[in-house]
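Okay, so here's the structure we're looking at.
We did not get these values from a lab; they are worked out from the coordinates using the rules stated. Please read all numbers here as calculations on a predicted model, not as lab measurements. For neighbour counting, all protein chains shown are included, and Cβ atoms are generated from backbone atoms with ideal geometry for every residue, glycine included.
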Amino acid sequence: MTVTAAPPSPANFINRLFFGYQNTAALKAALELDVFTALGSGTLDVAALAAKLDASARGIAALCDSLVVMGFLAKSPAGYALTPDAAVFLDRNSPASVASIHEFLASPEMVAMMFQDPAGAVRRGGAPGLANIAPDNPIWIRFARSMGPFMELDAKLVADHMSDPPPHRVLDIAASHGLFGIAFGRRFPDCHVTGLDWGAVVAVARENADAAGMGDRYDTIVGSAFDVDWGTGYDVVLLPNFLHHFDRAGCMKILHLTRAALAPKGRVAIVDWLPDEDRVSPPMPALFTMTMLLTTPSGTTYTGSELSAMLTEATFERPEIIPLLPTPLTLVLAQAV
């Protein structure tokens, strides 16, 4: 069968260059105005939606038509309604809502960094970044408060994969919102969790642990994972969304510290964005490599084979690599030798 290629057209790159960040702006506006929550109870026309949100009819029409094109809303003669994805993930009344994520992903700091000097980041092989090792940078407090819902399912899936044997002591490195450690506390009633992060950030984890009813089983360590004493005797050390901030040397230092903190036969659980060996699939982990180039001095994504080699060097057994479907993240689970 002969496949006829589409003729060259500027529309493709114009759409990606211009409408890509325009779409981000539209989605951010919709989340800040709570368009999706307003439509959660049923279809509304422009006038009704504008009145409900205290916005102009012209603005609501332009915004909602854009959201239709983007696939977040459906349009009919009666007005606008939520698509299934928007109903599940963007309506704040949904138990699976991740509507808060724009507060970090489209924050002024993130947008400025992405657009500040992308060509320079390519030339240098990195960028000044979000001060990922600076004490109590406000952006990480915002991350902890806004990105937790996005990680809640991954946290539960990780805990579910580690029930044999059930852990009694868990250390959550760069705990942030604390949801990965809290998932272990919920899954295992006898499990005691320690969260490590900067003081103002780990305070968010402490709040979430108290809200989950496990405040008496949740301790904190304040400071940099590279410098503070982690303690010893943990059954599990969690490294969720952490290693991608560092080059191989930084990752090896963390993995050696992890090995030293574990009890005999203890396990490390790495949760991260793993591209395939071709590094161009799956799409989200593959694109996350560029995110790290634009937002960190030396961070990157690592493939399964790269993490396996690092774990072997740090005296862990060959890891089990478990996609955390339906999410884009992967669990890399290894036992200390």
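From the Cα gyration tensor of segment 292-332, with a ≥ b ≥ c the square roots of its eigenvalues, which class applies: rounded if a/c is under 1.5, or else prolate if a/b is larger than b/c, or else oblate?
It is oblate, given that a/c is not under 1.5 and a/b is not larger than b/c.
Below 14 angstrom from the Cβ of Phe188, what's the summed charge of the other residues (Lys, Arg +1; Asp, Glu -1)? Display every interim value, and only then the final one.
Values: positive: Lys156, Arg169, Arg186, Arg187, Arg217, Arg267; negative: Asp160, Asp164, Asp172, Asp190, Asp235.
Summing Lys and Arg as +1 and Asp and Glu as -1 gives +1.
Taking one equal scatterer on every alpha-carbon of segment 180-321, how large is log10 of I(q)/I(0) by Debye at q = 0.12, 0.13, 0.18 1/Å?
-0.54, -0.63, -1.14
Divide by every residue of the chain the summed helix terms, -39500 (n - 2.57) for each DSSP H run of at least 4, and state the resulting mean residue ellipticity at 222 nm, rounded to the nearest 500 deg cm²/dmol.
-13000 deg cm²/dmol
Which of the peptides 90-98, 16-24, 143-151 is most tightly packed, and how do the rest follow, going by the mean number of other Cβ atoms within 10 Å of each residue?
Values: 90-98: 16.7, 16-24: 12.1, 143-151: 20.7.
My ranking of the peptides, most packed first, is 143-151, 90-98, 16-24.
Based only on Cα atoms, what Rg/Rh ratio does segment 1-72 have, Rh being taken as Kirkwood's radius?
Numbers: Rg = 16.4 Å, Rh = 14.0 Å.
Reported Rg/Rh (Cα atoms, Kirkwood Rh): 1.17.
Which whole-number percent gives the relative contact order of segment 136-267, counting Cα pairs below 8 Å spaced six or more residues apart?
24
Add +1 for every Lys or Arg and -1 for every Asp or Glu among the other residues with Cβ under 11 Å from the Cβ of Lys75, and state the total. It would help to have the intermediate numbers written out before the result.
Values: positive: none; negative: Asp45, Asp65.
So the environment of Lys75 carries a net charge of -2.
When the Cα centres of segment 83-152 and segment 189-220 are compared, how far apart do they sit, in Å?
22
Using only alpha carbon pairs under 8 Å that are at least six residues apart, calculate the relative contact order of the chain and give it in whole percent. Intermediate results must be reported in sequence, preceding the final value.
Numbers: 581 pairs, mean separation 42.9, N = 337.
So the answer I get is 13 percent.
List the lysines whose alpha-carbon lies under 30 Å from that of Lys253, not counting same-chain residues fewer than 8 positions away?
Hits, sequence-local ones excluded: Lys156, Lys265.
Give the peptides 168-178, 251-261, 216-226 in descending order of average Cβ contacts within 10 Å, highest first. Kindly include the intermediate steps, with their values, before the conclusion.
Details: 168-178: 26.2, 251-261: 19.1, 216-226: 16.3.
Answer by packing, highest mean first, reads 168-178, 251-261, 216-226.
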